[in-house]
DNA sequence: ATTACTTTTGCAACATTGTTGCATTAAGGA
DNA sequence: TCCTTAATGCAACAATGTTGCAAAAGTAAT
């Protein structure tokens, strides 16, 4: 199972890397303009996740989005905050923000999902 | 538009209030055993949200869940942490945990969505 | 209890999102 | 160029959520 570079994969990877905001499957589909099947997009996204090229974020409305981020590749930590703008609907990574919190005993944390919503700098 | 108390609404409200964990639409549907239509559940949940009896939480996998919590009714603040157990799949409110974070300028925050995943006390 | 008003429900139909199986296509190393 | 197998397209399906409309059921007044 050696991964191959196909038209679809290359294009989708480019799209996500060059996008400032996280993209959903349907947004990607619209950008591709029929370059490949809907199913292929799902499968390519899965592969890009496996290869740690992108990461997955659940938006505050439950819509799943995909983004690449700088720190991912180097430090392999996807534990950063995301910001969801209620006006322009953009979802962005705030990679430098590290929240602190104090949990009760006996909870073992392995992942964090932290999204703030409101107005982004462009919209406020 | 004066809200009415119907069988479906009463039962669903009871279900959510008496549940320790947040419930999804499908979990509610299974509990109701055909008491009402699928569509009715969606509509009742919407009304309960409007009336601030329950609140909505997006789980880490994008599944939307509903819960009632003590502090909601009194302080009207849904800004607390949630915990999603990867083993028993439960989603619970951690109402006393208040995270701190420092955002860059120009972001206006109006809502918070913070879910930690891992193992809950029962499962760890 | 009956009536009248309006909310709520059920049903059917539809839209969106995501998954799976399988035959076909194409990437890339020999 | 050939060969192997990863990747794709298509069809079919499942799950989740939404909408319109006629019928049913709350609730307040009589």
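The values are calculated or read from the model by the stated rules, or taken from the named source; none is laboratory data. Quick caveat: nothing in here was measured; it's all calculated off a predicted structure. Neighbour counts run over all protein chains shown; Cβ positions are idealised from the backbone, glycine included.
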For this session: List every residue pair whose Cβ atoms sit under 6 Å apart, with the two residues 6 or more apart in sequence or on different chains, where the first one lies in the stretch A:1-12 and is in a loop (DSSP other than H, G, I, E, B) and the second, anywhere, is modelled with pLDDT of 95 or more and within 7 Å of DNA strand C (Cβ to nearest atom).
Result: none
For this session: Find the residue count for the stretch B:1-27, including only residues that are near DNA strand D (Cβ under 10 Å from one of its atoms), in contact with a helix residue (DSSP H, G or I) (Cβ under 7 Å, 6 or more places away or on another chain) and closer than 28 Å to residue A:114 by Cβ.
Result: 1
Exercise. Going by the structure shown, is residue B:8 away from DNA strand C (no atom under 16 Å from the Cβ) and on the phi < 0 side of the Ramachandran plot?
Worked result: no
Exercise. Is there a residue being more than 8 Å from chain A (Cβ to nearest Cβ) and touching a residue at least 40 places away in the same chain (Cβ under 8 Å) anywhere in the stretch B:26-42?
Worked result: no
Exercise. Given the conditions (1) assigned to a loop (DSSP other than H, G, I, E, B); (2) in contact with a strand residue (DSSP E or B) (Cβ under 6 Å, 6 or more places away or on another chain); (3) in contact (Cβ under 8 Å) with a residue 24 or more places away in the chain, which single one is not true for residue B:52?
Worked result: (2)
Exercise. Is it true that some residue in the stretch A:99-120 is in contact (Cβ under 8 Å) with a residue 40 or more places away in the chain, touching a strand residue (DSSP E or B) at 6+ places or on another chain (Cβ under 7 Å) and away from every other protein chain (no Cβ under 11 Å)?
Worked result: no
For this session: Only residues that are buried (at least 16 other Cβ atoms within 10 Å of the Cβ) and near DNA strand C (Cβ under 6 Å from one of its atoms): list them for the stretch B:36-46, please.
Result: B:36, B:40, B:44
Seminar exercise, completed: Among the residues of the stretch B:48-68, the number that are surrounded by 17 or more Cβ atoms within 10 Å (Cβ to Cβ), more than 9 Å from every other protein chain (Cβ to nearest Cβ) and within 12 Å of DNA strand C (Cβ to nearest atom) is 1
Problem set entry | Failed item in (1) closer than 29 Å to residue A:57 by Cβ; (2) without any contact (Cβ under 8 Å) to a residue 40 or more places away in the chain, with residue B:57 passing the rest | (2)
Exercise. In the stretch A:86-97, which residues are within 9 Å of chain B (Cβ to nearest Cβ) and in contact with a strand residue (DSSP E or B) (Cβ under 8 Å, 6 or more places away or on another chain)?
Worked result: A:86, A:94, A:97
Problem set entry | Residue count for the stretch B:74-110, restricted to those that are modelled with pLDDT of 90 or more, surrounded by fewer than 14 Cβ atoms within 10 Å (Cβ to Cβ) and under 21 Å from residue A:123 (Cα atoms) | 5
For this session: State whether one or more residues within the stretch B:15-25 are within 16 Å of DNA strand C (Cβ to nearest atom), free of Cβ contacts under 8 Å to residues at least 24 places away in the same chain and assigned to a helix (DSSP H, G or I).
Result: yes
